[in-house]
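Taking it in order: structure first as structure tokens, then the write-up.
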Amino acid sequence: MRGAWVATVANIDWPTDRTALAEQQKEELIRTIDSLHRTGVNAIMFQVRPTADALYKSDLEPWSEWLTGEQGKAPSSDFDPLQTAVEECHKRCMELHAWINPYRVTNTPNAKLAPNHIYFKKPELFIQYGEKIYFDPGRSETADFLLKVLKDMVTRYDVDGLHLDDYFYPYPISGKEFPDEATFKANPRGFKNKGDWRRDNVNQVVERIHKMLLETKPWVQFGISPFGVWRNKSKDPKGSDTKAGCTNYDDLYADVILWSDKGWIDYIAPQLYWEIGKTVADYAVLAPWWREHVNKNCNLYFGLYASGLAVNKPKVWKTPNELSRQLRYNRECVDIEGVIYYSTSYYLKNPQGLLDSLKTDFHRYPALAPIHGNGPESFYPLNVRMDGDTLSWSPVIAEGGEAISYYVVYAFGDSEDCDFDNPKNMVCLTTDPQVILSRYNLKSSIYNVVVTAVNRYGKESDPETFLVWLPNKLNN
């Protein structure tokens with residue numbers, strides 16, 4: 001996994017101008033996806049529901065103010081950001097994960113909600129905490145509405161994943177209790193401790209999303225990107241040797257380790273936004289902790305803070321390159337399935353030469369996104385043939401999770417074994433049923449070439465047909 005978060009809330013990454021014409025925003029979105037692809041990114045976490053709104057066509061929630069400048073106002077043309085992102089990612093053999101926030105309704109004080117917002121139809125479902133409004137997680141109608149929104153989205157859009165970040169119960173405001181005492185007393189469901197009750201509220205939502213996806217499109221991944229500390233060891237001997245002032249379990253009521261153990265999620269991407277050696281939250285302490293405690297059947301990615309290379313004040317972030325150190329640490333010390341970078345706008349500015357390091361080292365070769373779920377094996381391409389320097393095959397015709405996301409072309413030089421685990425042997429990923437090999441920088445005098453197919457579960461077919469290619473010579 002080489003992912004990138006594209007944040008839309010407050011126009012962090014896209015669109016940079018919420019008042020621009022839809023055509024301009026679309027062009028900017030395509031440029032962003034193309035730029036990420038060129039750096040080796042193979043999955044985008046695209047924020048499409050930042051504040052109980054929509055960056056896609058929805059009959060359930062209003063158009064986002066971050067897209068048009070006014071919540072409920074449609075784009076100036078027939079522009080659907082989610083549909084565009086799905087199409088453009090799939091053209092480039094990239095995954096598109098729809099990133100949603102489950103409970104947040106407003107992100108700024110005095111935010112103006114659209115007249116058709118559910119806030120005005122069912123005000124009893126909402127709570128004000130500080131200067132922001134949230135769905136009340138303790139009400140069953142909150143979960144019902146969220147599931148309705150997500151099922152509608154997954155049914156109508158060809159997304160590869162549903163992605164939730166760290167915002168479950170809101171981050172605590174000093175001296176203020178989240179005002180859900182009345183909800184707790186009205187329906188405690190046998191719980192005596194409010195913390196346990198809150199965790200169960202979130203647990204139920206996560207389990208229901210998991211079941212909905214299995215019933216609707218089981219190949220769609222479900223991933224969570226939690227705050228980087230589950231629990232401090234001072235609170236729980238199973239916790240990490242950290243001194244975080246806020247934790248998932250105790251403050252956000254998100255028991256992500258339980259979700260992993262129960263098999264409710266396909267991946268966890270903890271936000272490890274601290275440097276190696278930080279006293280209260282050391283990357284080199286947290287990375288192995290997460291590897292030890294996340295179920296092996298759940299893919300583990302680390303969220304890396306690309307923005308920190310530009311905005312963080314500690315000297316270590318100003319000395320090239322903290323993220324390269326973390327990537328090297330991952331490779332040498334922990335067995336994980338990949339990383340996700342936050343945020344795209346800073347990442348693409350090549351902070352501290354990050355993109356140079358990726359090009360020459362960590363992203364030097366293509367990578368296949370990890371396998372997820374228990375779907376069927378992939379079908380291999382038929383009628384593979386060579387015509388001069390053109391390798392072609394018959395497209396695999398299949399539906400659902402058996403449908404092919406893309407094909408992978410390998411070329412093994414005359415002095416090399418056919419090692420499919422070595423990425424340098426990977427020529428390209430493609431959605432087309434043919435490749436012109438002479439367009440690639442292949443320097444051996446003879447090659448064994450082969451094509452495989454990857455289905456919607458990320459499963460790659462076995463290699464079946466090996467052909468010999470002699471560069472610059474006629475092949476029969």
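The values are calculated or read from the model by the stated rules, or taken from the named source; none is laboratory data. Since we're looking at a predicted model, the values are computed, not measured. Here the Cβ is made from the backbone with ideal geometry for all residues, glycine too, and neighbour counts use every protein chain on show. For accessibility, only protein heavy atoms count, side chains too; no ligands or nucleic acids. Shrake-Rupley method; radii C 1.70, N 1.55, O 1.52, S 1.80 Å.
Distance from the Cα centre of segment 34-63 to that of segment 175-196, in angstrom? So the separation of the two Cα centres works out to 33 Å. In this structure, the amide hydrogen of S405, modeled 1.01 Å from its nitrogen in the peptide plane, lies closer than 5 angstrom to those of V454, N455, R456, counting only residues at least 5 positions away or on a different chain.
Of interest is the spacing of the C-alpha centroids, which for segment 431-463 and segment 299-339 amounts to 31 Å. Per-residue ellipticity at 222 nm, computed for the chain from helices alone with -39500 (n - 2.57) per DSSP H run of at least four residues, works out to -7500 deg cm²/dmol. For the chain, the relative contact order works out to 13 percent when only alpha carbon pairs closer than 8 Å and six or more residues apart are counted. Pairs of lysines in segment 238-372 whose Cα atoms sit within less than 23 Å of one another amount to 15, provided the residues are eight or more positions apart or on different chains. Please get the size of the charge dipole for the chain, origin at its Cα centre, with Cβ charges of +1 on Lys and Arg and -1 on Asp and Glu, quoted in debye to the nearest 20. With Lys and Arg at +1 and Asp and Glu at -1, about 1180 debye. The phi-based Karplus calculation (6.51 cos²θ - 1.76 cosθ + 1.60; θ = phi - 60°) puts the 3J(HN,Hα) values of segment 266-282 at 8, 8, 10, 10, x, 7, 9, 9, 10, 7, 5, x, 5, 4, 7, 8, 7 Hz, whole numbers, x for Gly and Pro. Nearest 10 degrees, 0 to 90: what angle lies between the long axis of helix 22-38 and the longest principal axis of the chain (Cα atoms)? The angle comes out near 60 degrees. Calculated accessible area for the chain comes out at 44 Å² per residue, all protein chains present (probe 1.4 Å; ligands, DNA, RNA ignored).
Close amide H partners of F302, meaning residues 5 or more places away or on another chain with modelled amide H under 5 Å apart, are G338, V339, I340.
Here the Karplus curve 6.51 cos²θ - 1.76 cosθ + 1.60, taken at θ = phi - 60°, turns the phi angles of segment 230-243 into couplings of 6, 6, 6, 4, 5, 9, 8, x, 7, x, 7, 7, 10, 10 Hz, with x standing for Gly and Pro. Pairs exceeding 21 Å between alpha-carbon atoms, taken from K148/K459; K121/K194; K73/K112; K112/K132; K132/K235; K26/K91: K148/K459; K121/K194; K132/K235. Shown in residue order for segment 164-177 are the 3J(HN,Hα) couplings computed by the Karplus curve 6.51 cos²θ - 1.76 cosθ + 1.60 at θ = phi - 60°: 10, 9, 8, 8, 9, 4, x, 4, x, 9, 3, x, 10, 8 Hz (x for Gly and Pro). In the chain, the portion of solvent-accessible area held by carbon and sulfur atoms comes to 47 percent [1.4 Å probe, whole percent, DNA, RNA and ligands not counted].
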